[in-house]
Amino acid sequence: MNTFSGQMTAKCHDPIDIGNVRIKNRIARSSLAGITDGEFGEVLEPRIGFEETFAQGGVGLIISSHVPIRADGRVLPNYAMIDHDDRIDEWKRLVKAVHAHDTKYFLQLSHSGRQQDLGGIQNINYGQGNLDMRPPSPGSVADPFHGLTGRMLNVNGMKQMVQDFIAAARRAAAAGVDGLELHSSNGYFFTQVISR
Ligand SMILES: Cc1cc2nc3c(=O)[nH]c(=O)nc-3n(C[C@H](O)[C@H](O)[C@H](O)COP(=O)(O)O)c2cc1C
């Protein structure tokens, strides 16, 4: 069903509504990025240029690559994060560049849980004094992908994770993004919550 016009058939260039967001066509750039960002998770010019190129090309919607809500939830370094308020202006610049072409921007919030490839030097701060630098995870079983375990979160740790997702969502909204996606595929944090 074409939710825009009520017709049963829709064409690629017809607008579509997702919630209250109107997207100018049905062409979306799926979540995708290379390692284009700063060492500490900054949004840099290469990412802005990368996203803007798709917007210039006419896609209606761009979904960011996975965006860690905390440094201990990186899959790899050099991916932009949304882990503190100073990031809001960085993302604002990107969103503005995309909006200039009437393209909508959804941000994909993520946490790696135990499925982390390379955490980066910042994770040394997450050992909580016990030198356990494994990434936090809802469980203690080994990851089926690479066989490594995470540091199992207790109830307070899980509650903090919820709060950190909420804080990241607020930052994204403040930066002007049009929608959010929760990265719940591969073997990342949410997958670890619903399946061992
Ligand atoms: C380099 C690269 C990075 C990607 N990064 C993400 C990501 O961060 N989050 C995500 O959900 N999917 C990611 N994907 C998956 C793509 O969004 C897409 O689902 C996948 O490539 C399948 O679509 P395709 O058959 O058109 O390539 C990535 C894919 C590639 C090739």
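The values are calculated or read from the model by the stated rules, or taken from the named source; none is laboratory data. Quantities reported herein were computed from a predicted structural model and do not represent experimental measurements. Every residue, glycine as well, gets a Cβ built from its backbone with ideal geometry; the counts of neighbours run over all protein chains shown.
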**Study point:** region 78-109, residues that are aliphatic (A, V, I, L, M) and not in a loop (DSSP other than H, G, I, E, B)
**Key:** Ile88, Leu94, Val95, Ala97, Val98, Leu107, Leu109
**Study point:** Cβ-Cβ under 9 Å pairs, at least 6 apart or on other chains, region 165-181 side closer than 16 Å to Arg22 by Cα and touching a residue at least 24 places away in the same chain (Cβ under 8 Å), far side hydroxyl-bearing (Ser, Thr, Tyr) and within 16 Å of the ligand (Cβ to nearest atom)
**Key:** Gly176/Tyr105; Val177/Ser64; Val177/Tyr105; Asp178/Tyr105; Gly179/Tyr105
Exercise for review: Considering every residue within region 86-106, establish whether at least one is within 12 Å of the ligand (Cβ to nearest atom) and out of contact with any strand residue (DSSP E or B) (no Cβ under 9 Å at 6 or more places or on another chain).
Suggested key: no
**Study point:** Qualifying position, being closer than 19 Å to Arg170 by Cα, surrounded by 14 or more Cβ atoms within 10 Å (Cβ to Cβ) and under 17 Å from the mean Cα position of the chain (by Cα), among Arg70, Arg47
**Key:** Arg70
Check your understanding: Does region 35-42 contain at least one residue that is within 16 Å of the ligand (Cβ to nearest atom) and of a type in the set (Phe, Trp, Tyr)?
Key -> no
Revision key, fill the gap. Scanning region 53-71 for residues that are over 14 Å from Ser30 (Cα atoms) and within 11 Å of the ligand (Cβ to nearest atom) gives Pro68
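Among the candidates Val75, Val59, single out the residue that is more than 26 Å from Lys11 (Cβ to Cβ) and either aliphatic (A, V, I, L, M) or not in a helix (DSSP H, G or I) (or both). Can you show your working first?
Values: Val59 fails: more than 26 Å from Lys11 (Cβ to Cβ).
Exactly one residue qualifies, and that residue is Val75.
Can you pull out every residue in region 145-157 that is closer than 19 Å to Val75 by Cα and either touching a strand residue (DSSP E or B) at 6+ places or on another chain (Cβ under 7 Å) or surrounded by 11 or more Cβ atoms within 10 Å (Cβ to Cβ) (or both)? Quick ask: steps written out before the conclusion?
Within region 145-157, the subset closer than 19 Å to Val75 by Cα is 145-153.
Scanning region 145-157 gives Phe145, His146, Leu148, Thr149, Gly150, Arg151, Met152, Leu153.
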Revision key, fill the gap. Per the filter on region 166-193, residues within 16 Å of the ligand (Cβ to nearest atom) and in a helix (DSSP H, G or I) are Ala168, Ala172, Phe189, Phe190, Thr191, Gln192
Review point. Has region 13-29 got any residue that is surrounded by fewer than 21 Cβ atoms within 10 Å (Cβ to Cβ), away from the ligand (no atom under 16 Å from the Cβ) and at pLDDT below 90?
Key: no
Review point. Does Thr36 fit the bill of being free of Cβ contacts under 8 Å to residues at least 40 places away in the same chain and either part of a loop (DSSP other than H, G, I, E, B) or over 13 Å from the mean Cα position of the chain (by Cα) (or both)?
Key: no
